[in-house]
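Right, one structure below, let's go through it.
The values are calculated or read from the model by the stated rules, or taken from the named source; none is laboratory data. What you are looking at is a predicted structure, and each value in this text was computed from that prediction instead of being measured. Here the Cβ is made from the backbone with ideal geometry for all residues, glycine too, and neighbour counts use every protein chain on show. Accessible surface is based on the protein model in full, side chains and every heavy atom, while ligands, DNA and RNA are left aside. Shrake-Rupley method; radii C 1.70, N 1.55, O 1.52, S 1.80 Å.
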Amino acid sequence: MTAAVCALSCALIILGTFIKIPLPMISITLQLEFVLLSAMLLGAWRSSLSVAAYIILGLCGVPGGGIGCVLKPSFGFIIGFLVAAVVTGYIVEHLKERTFWKLFFAALAGTVIIYVIGTVYFYFITRLYLNTYPGFMKMMSACVFMTFPKDAVFCLLLAFIAKRVYPAIRKYITC
């Protein structure tokens, strides 16, 4: 059962890659949201397996990636997905009661982790590898200011979904 649940979660993260919401300067996807939802529903171990499978498939070229993606400035956010899945899943697993606000703050913690790792990676790749560092404010605008408000709002939606869905699926994921 664990393999099926992890495969389904991985498939949802891949699907999130292809769901694009165009904005004036960037296009955002829903990968982060599926990573966090996976962590809140499946816990640290299963969600990290799902995200690890997603990363490995991506490095093999499945969701349009390839090994060359490691040198893209945005790859740090993908690395952040794995850490956020572990941390968010761990937080949720250790909650005595899964209230809406506790789930929201767990999702927000995962989001912050993704942004920190992604932004630091962006800095190092643009500065040291590409030698095209845009400056602090442009980097923060590209990495954080443009998308963090959307992700914070989505954390509210994810907490609502996790609160409602978890009781219905917990018997399937505790096997």
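Take the alpha-carbon positions of the range 97-175, form their convex hull, and give its projected area averaged over all directions (one quarter of the hull surface) in nm².
Here the figure is 6.9 nm², rounded to one decimal.
How far apart, in nm, are two points set 7 Å out from the Cα along the Cα-to-Cβ line at V70 and at L157?
It is 3.4 nm.
What nm distance separates the two modelled labels at A4 and A168, each placed 7 Å from Cα along Cα→Cβ?
Label at A4, label at A168, 1.7 nm between them.
Beyond 19 Å, what percent of the Cα pairs of the range 17-72 remain?
Above the 19 Å cut-off, the range 17-72 has 40 percent of its Cα pairs.
Add -39500 (n - 2.57) for each DSSP H run of 4 or more in the chain, then divide by its residues: what number comes out at 222 nm, to the nearest 500 deg cm²/dmol?
So the calculated ellipticity at 222 nm is -24000 deg cm²/dmol.
Using a 1.4 angstrom probe on heavy atoms only, work out the carbon and sulfur share of the accessible area of the range 46-96 in %.
73 percent
Let me test this: with uniform point scatterers at the alpha carbons of the range 1-97, what is the Debye-based log₁₀ I(q)/I(0) at q = 0.16, 0.18, 0.23, 0.24 1/Å?
The Cα Debye sum returns log10 ratios of -0.64, -0.79, -1.17, -1.24.
How many Å² of accessible area per residue for the range 18-175, probe 1.4 Å?
For the range 18-175, the solvent-accessible area averages 53 Å² per residue.
Given T88, C10, Y166, which one lies farthest toward the positive end of the charge dipole of the chain, if we put +1 on the Cβ of every Lys and Arg and -1 on the Cβ of every Asp and Glu?
Y166
Considering only C-alpha atoms, what is the centroid distance from the range 43-90 to the range 106-129, in Å?
Rounded to whole Å, the Cα centres lie 13 Å apart.
Could you rank the peptides 28-37, 153-162 by their average count of other C-beta atoms within 10 Å per residue, with the highest value first?
Peptide ranking by packing, descending: 28-37, 153-162.
Identify which of G76, G68, G110 has the largest mean-square fluctuation in a Gaussian network model of the chain, with springs joining Cα atoms closer than 10 Å.
G68
Amide H neighbours of I28 under 5 Å, at least 5 residues apart or on other chains, H built in the peptide plane: list them.
Here the answer is I21, L23, since their amide H atoms fall under 5 Å of that of I28.
Could you work out the Rg to Rh ratio of the chain, with Rh taken as the Kirkwood radius (inverse of the mean 1/r over all Cα pairs)?
0.98
Based on alpha-carbon atoms only, what is the radius of gyration of the range 59-108 relative to the globular estimate 2.2 N^0.38 Å?
Scaled against compact globular proteins, the figure is 1.55.
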